[in-house]
Amino acid sequence: MLNVTNLSHNFGPYWALKNCSFSLKKGEFLFLTGSSGAGKTTLLRLLYASLPVMRGNVNVAGYNLKSLPARQIPNLRRQVSVVFQDFKILPYRTVFQNVAMALEVRGLSNIHIDRRVRAVVRGLGLESRINMLCGELSGGEQQRVAVARSIVVNPKILLADEPTGNLDEDLAARMMDIFKKFHMHGTTVVLATHSSNIVRMHPEARQLRLEHGKITAANWRGAEIFSDSIAEEHL
Ligand SMILES: Nc1ncnc2c1ncn2[C@@H]1O[C@H](COP(=O)(O)OP(=O)(O)OP(=O)(O)O)[C@@H](O)[C@H]1O
Ligand SMILES: [Mg+2]
C-alpha cells in the first residue's frame with residue numbers, strides 16, 4: 001500500500017530526509033515521531049505528492065510518485081487524504097461547506113453528501129457548530145473540521161500531521177478513536193505526532209522515529225534503521 005525506498009529530500013543544501021526506507025501494508029497504522037524539524041511533515045508531503053520525489057522511490061496506493069505525471073495527481077489524492085498541520089480549511093465557509101467540498105468534487109448527490117457530512121461532523125462532536133464559519137471556531141474545533149474533511153471521503157490512505165496538537169486529552173482520545181475506527185475498516189493511517197502519550201496508548205501500532213531526517217528507530221521489520229554505510233552509498 002505504501003512503499004518508501006531510499007528516499008532523500010533536500011531544501012537547497014539542507015537534507016530534510018536521508019535515505020528513508022519503510023513499507024506499510026493495507027490497513028496498518030503508523031505513528032511518525034521525532035522532534036521538531038526531524039522531517040515528519042516533509043515525509044508526509046512527499047507521500048501526498050505535494051513535494052516531488054527527487055531521490056529514491058515512493059509508491060503510494062499503486063502510484064509510483066517518482067514518475068507520476070501531474071495530471072495523475074488528482075487521482076492519487078482520491079485515494080490519499082491528508083490532514084495538514086496548518087489545517088488549510090476555508091475561514092469564510094461554514095463547517096458543513098468545508099467538509100462537503102471534498103464530496104462535491106466527486107459528484108455525489110446532495111442527499112448523500114448531507115448524510116455523510118452530518119455523520120462525520122457528529123462523530124467529531126461538532127454538530128452544534130455545523131453552520132458556523134470556520135474562521136469563528138477555536139483552534140481545536142478547526143482541527144476537527146480538517147479531520148472531518150479528510151475522513152469523509154473514505155480514503156485508502158490517511159495522512160495526518162499532528163492532528164491532535166490543539167486538543168485537550170479527552171478530545172485527542174476521541175479523535176484517536178475515530179482514526180482507529182477507520183483503520184479497522186482497512187484504511188492505512190500515517191499519523192505524525194509529538195505526543196508520546198498517544199503513542200503509548202496504542203502499543204499495537206507501528207512506530208517510526210525520525211531524527212534529523214533519518215529513521216533512527218522502528219518497532220517492526222518493515223523499516224530500515226539508518227546506517228552510515230547505506231548513507232554513503234546513496235547520498
Ligand atoms: N520549504 C522548505 N524550505 C526550506 N527548508 C524547509 C522547508 N520545509 C521544511 N524545511 C526544513 O526541513 C526540516 C524538516 O522540516 P519538517 O517540517 O519536515 O519537520 P517536522 O518534523 O514536521 O517538524 P515539526 O514537528 O516542527 O512539525 C526543517 O529543518 C525545516 O526547516
Ligand atoms: Mg511538521
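The values are calculated or read from the model by the stated rules, or taken from the named source; none is laboratory data. All figures in this text were calculated on a predicted structure; none of them were measured in a lab. Note that each Cβ is placed from the backbone with ideal geometry, even for glycine, and that neighbours are counted across all protein chains shown. Side chains are part of the model used for accessible areas, which takes the heavy atoms of the whole protein and leaves out ligands, DNA and RNA. Shrake-Rupley method; radii C 1.70, N 1.55, O 1.52, S 1.80 Å.
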Inset, instruction - Scan segment 14-24 and give yes if some residue there is within 9 Å of ligand 1 (Cβ to nearest atom), open to solvent by less than 30 Å² (accessible area, probe 1.4 Å) and not in a strand (DSSP E or B), otherwise no. - result: no
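Of the residues Leu158, Leu124, Leu76, only one is over 25 Å from Met201 (Cα atoms), away from ligand 1 (no atom under 16 Å from the Cβ) and surrounded by 14 or more Cβ atoms within 10 Å (Cβ to Cβ); which? Steps first, please.
Working: Leu158 fails: over 25 Å from Met201 (Cα atoms); Leu124 fails: over 25 Å from Met201 (Cα atoms).
Being over 25 Å from Met201 (Cα atoms), away from ligand 1 (no atom under 16 Å from the Cβ) and surrounded by 14 or more Cβ atoms within 10 Å (Cβ to Cβ) holds for just one of Leu158, Leu124, Leu76, which is Leu76.
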Legend entry - Where a residue in segment 202-215 is farther than 27 Å from Ile178 by Cα and outside any loop (DSSP other than H, G, I, E, B) and its partner, wherever it lies, is open to solvent by less than 90 Å² (accessible area, probe 1.4 Å) and among the charged types (D, E, K, R), with Cβ under 6 Å and at least six apart: Lys214/Lys18
Inset, instruction - Using the structure shown, decide if Val145 is open to solvent by less than 40 Å² (accessible area, probe 1.4 Å), in a helix (DSSP H, G or I), modelled with pLDDT of 90 or more and more than 16 Å from ligand 1 (Cβ to nearest atom). - result: yes
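Any residue at all in segment 106-119 that's within 15 Å of ligand 1 (Cβ to nearest atom) and open to solvent by 30 Å² or more (accessible area, probe 1.4 Å)?
If we filter segment 106-119 for residues that are within 15 Å of ligand 1 (Cβ to nearest atom), which is where we start, we get none.
No, there is no match, as no residue in segment 106-119 is within 15 Å of ligand 1 (Cβ to nearest atom) and open to solvent by 30 Å² or more (accessible area, probe 1.4 Å).
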Legend entry - Test set (1) of a type outside the set (Asp, Glu); (2) touching a residue at least 12 places away in the same chain (Cβ under 8 Å); (3) in a helix (DSSP H, G or I) - Arg122 fails condition number: (2)
Inset, instruction - Just one of (1) within 14 Å of the chain's Cα centre (by Cα); (2) open to solvent by less than 20 Å² (accessible area, probe 1.4 Å) trips up Val199, so point out which. - result: (1)
Legend entry - Tally, over segment 25-48, of residues that are open to solvent by 10 Å² or more (accessible area, probe 1.4 Å) and more than 15 Å from ligand 2 (Cβ to nearest atom): 4
